[in-house]
Amino acid sequence: MNEFALVEFLFTINEYPAELGKLIALDKDFKLIQCEDEFDEDEDGIRFEYKRVSGKINTMTASVIKLQNPALAGKMRLSYISNELKDKYRR
């Protein structure tokens, strides 16, 4: 298993401050890359605002989140890059 994986979280504007605090509290197990504003609009013209938080997370920490915090895990999307693929492009 890779030590770190790329991860994205999608939070509503209301969830964002508290959930970002949880991620920052992970200290060395989470490295913030960027936060982006996003929005969506339904067919009635109602606008929904979100924050997309991208970073790198320790894979063991991600596993613990999946097991112990289903609310945060539901907002998490992991991207794995195999070592074989990384090695292919390192040469």
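Just so it is clear, none of the values below were taken in a lab; they were calculated from the coordinates. Since the model is a prediction, treat every value here as computed from it, not as a measurement. Counting neighbours? That spans all protein chains shown, and the Cβs are built from the backbone with ideal geometry, glycine included.
Tabulated values for the structure
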| read-out | value |
| --- | --- |
| Among 34-45, 8-19, the order from most to least packed when residues are scored by Cβ within 10 Å on average | 8-19, 34-45 |
| Cβ-based net charge around L72, under 10 Å, with every Lys or Arg adding one and every Asp or Glu removing one | +1 |
| Debye, to nearest 20: dipole size of the range 4-90, +1 on Lys, Arg Cβ, -1 on Asp, Glu Cβ | 780 |
| Nearest-0.05 FRET efficiency for I24 and R47, computed from C-beta distance (R0 30 Å) | 0.65 |
| Angle in degrees between helix 59-68 and the longest Cα principal axis of the chain, rounded to the nearest 10 | 40 |
| Local net charge near L32, Cβ-Cβ under 14 Å (Lys/Arg +1, Asp/Glu -1) | +1 |
